[in-house]
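Presented below is the structure to which this report refers.
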Amino acid sequence: MDLITVIVPCFNEEASLPYFFSAFEQLKKAMSSVDFELLFVDDGSKDSTLSIIKQLTVEHDEVEYISFSRNFGKEAAMYAGLRHARGDYVVFMDADLQDPPSLLPDMYKAVSEEGYDSAATRRVTRAGEPPIRSFFARLFYRLMNRISRTELVDGARDYRLMNRKFVNALLELAEYNRFSKGLFGWVGFRTKWFAFENVERVAGETKWSFWKLLLYAVDGIVAFSTVPLIVSTMFGILSCLASFVGILFVVIRKLIIGDPIQGWASTICIILLMGGIQLLCTGILGQYLAKTYLETKKRPVYIINEEKTAKSLEQRA
């Protein structure tokens, strides 16, 4: 009988967990032909999330958990789940039920019977989201697909079922700066996509502010494209050419006409423009240097404070 590991990253999800586990119990009944391992990854929650998870582990043998020493972010939680998952198949699901559990039977069929290595999901609508957030999200996907060789599907979710081959490939990518949506596409393999309409959170509030999403987008661009560096180089070349043409104009005008150059305001505007371009290019370069700096430190992606998993019990035994 196949074993499916369900990885659920959690950060302050005390309000959502009862609803999620109820939906999981219904899912188990609908997929009685497989075994489940439910692995919660507590990402340094400040509420009673960990207490609720611990109670579930006492009442249900298939429930396990990992608890971080602090908040390391969802990417770290997903990576920790992959490293501890024992299943023949592994799936990521959010505790807020924005990832419909009802899709999992068809996703499992696609991977186990139809020859696909993963079954991924994407939202076809963004109902309930602020319009400006939806606009920038679509803009990000269009931009990434133009400047990166790794394809990102618009509306793609982390909700994805993978076979063991796919999971092992992801575990080979032990980088510190992780952008899972890009890593999924980078490893390749055959993927079947399932579309669904946006589902609002069952409880609680989103942890992703516009600013956090913007920083996450920058991480994705830096991780999977060097085009910004090329653009900054082109800015530098064009600026040098413009400066050379300007010098020639000033010298020729001085030799032919001989009158002093007027236009203090325009000169200042040009200086500010050139300074802005230089700072922009320096900032782009700084982003790549910062990521390289963090990688060279070789710090762990996460630190576990406590855990109760089958792997940890085996190691202790």
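Based on the alpha-carbon gyration tensor of segment 1-139 and its eigenvalue square roots a ≥ b ≥ c, which shape applies: rounded if a/c is under 1.5, prolate if not and a/b is larger than b/c, or oblate?
oblate
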inquiry  = Quick check on packing: order 180-187, 39-46 by the mean number of other C-beta atoms within 10 Å, highest mean leading.
reply    = 39-46, 180-187
remark   = Computed about the Cα centre, the charge dipole of segment 1-96 from +1 Lys/Arg and -1 Asp/Glu charges at the Cβ has a magnitude in debye, to the nearest 20, of 200
note = Quick calc: nm separation of the 7 Å Cα→Cβ label points for Thr292 and Thr233 -> 1.3
query = Could you give me the ³J(HN,Hα) list for segment 30-36, computed from phi with Karplus coefficients 6.51, -1.76, 1.60 and θ = phi - 60°, whole Hz, x at Gly and Pro?
reply = 6, 10, 5, 7, 10, 9, 10
ask   = Under the Karplus relation 6.51 cos²θ - 1.76 cosθ + 1.60, θ = phi - 60°, what is the ordered set of whole-Hz ³J(HN,Hα) values for segment 288-295, x standing for Gly and Pro?
value = 5, 5, 5, 5, 5, 4, 5, 5
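Take the cross-link list Lys28/Lys109; Lys165/Lys297; Lys54/Lys165; Lys192/Lys308; Lys29/Lys74; Lys54/Lys74 and give me the ones stretching past 26 Å between alpha-carbons.
With Cα atoms farther than 26 Å apart: Lys165/Lys297; Lys54/Lys165; Lys192/Lys308; Lys29/Lys74.
Please give the FRET efficiency for Arg70 paired with Asn168, using the beta carbon to beta carbon distance and R0 = 25 Å, rounded to the nearest 0.05.
Approximately 0.30, to the nearest 0.05.
Please work out the FRET efficiency for the pair Lys46 and Ile303, using the Cβ-Cβ distance as r and a Förster radius of 22 Å; give the result to the nearest 0.05.
Using R0 = 22 Å, I get an efficiency of 0.85.
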task = Convert each backbone phi in segment 76-88 into a coupling constant with the Karplus relation 6.51 cos²θ - 1.76 cosθ + 1.60 (shift: θ = phi - 60°), then list the ³J(HN,Hα) values in order as whole Hz, x for Gly and Pro.
result = 5, 5, 5, 5, 4, x, 4, 5, 9, 6, 9, x, 5
Gain on full stretching of the segment that runs from Ile277 to Asp35 - 0.36 nm per residue minus C-alpha separation = 81.4 nm
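Every read-out reported here was derived from the displayed coordinates using simple, explicitly stated rules and does not represent laboratory data. This is a predicted model, so every value here is computed, not measured. No Cβ is skipped: glycine too gets one built from the backbone with ideal geometry, and neighbour counts run over all protein chains shown.
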